[in-house]
Amino acid sequence: MSEVSDFPPIMTAVQAAEFLSVHPEYLRQMVRDGRVPAHKIPGGRGWRFLRDELVDWIREQPSERSARSENANKD
């Protein structure tokens with residue numbers, strides 16, 4: 001398993017997808033939906049992802065455990 005520091009501070013979509021353990025096309029869909037932080041390159045078609053923003057974004061996501069707890073409390 002790779003460490004956070006193994007990834008560059010500014011990543012391409014392919015690198016960010018590897019970092020997040022998702023398929024690159026799924027990451028692109030998440031960007032189009034506005035669900036993940038990304039930066040459009042001026043004058044270009046590509047997106048760039050800041051490693052530290054992705055780390056913060058991951059930390060902000062509800063964990064699977066908390067989601068299960070919330071669902072259990074609804075019953």
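Where a number appears in this text, it was derived from the coordinates with a stated rule and is not lab data. Computed from a predicted model, the values in this text were never measured in an experiment. Backbone-built Cβ (ideal geometry, glycine too); neighbour counts: all protein chains shown.
Numbers below:
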{"read-out": "Trypsin sites (Lys or Arg not before Pro) within region 7-62: DSSP coil, no more than 15 neighbouring Cβ in 10 Å", "value": "35, 45"}
{"read-out": "Label-point separation, residue 33 to residue 55 (7 Å along Cα→Cβ), nm", "value": "2.6"}
{"read-out": "54, 27 arranged by Cβ crowding within 10 Å, fewest neighbours leading", "value": "54, 27"}
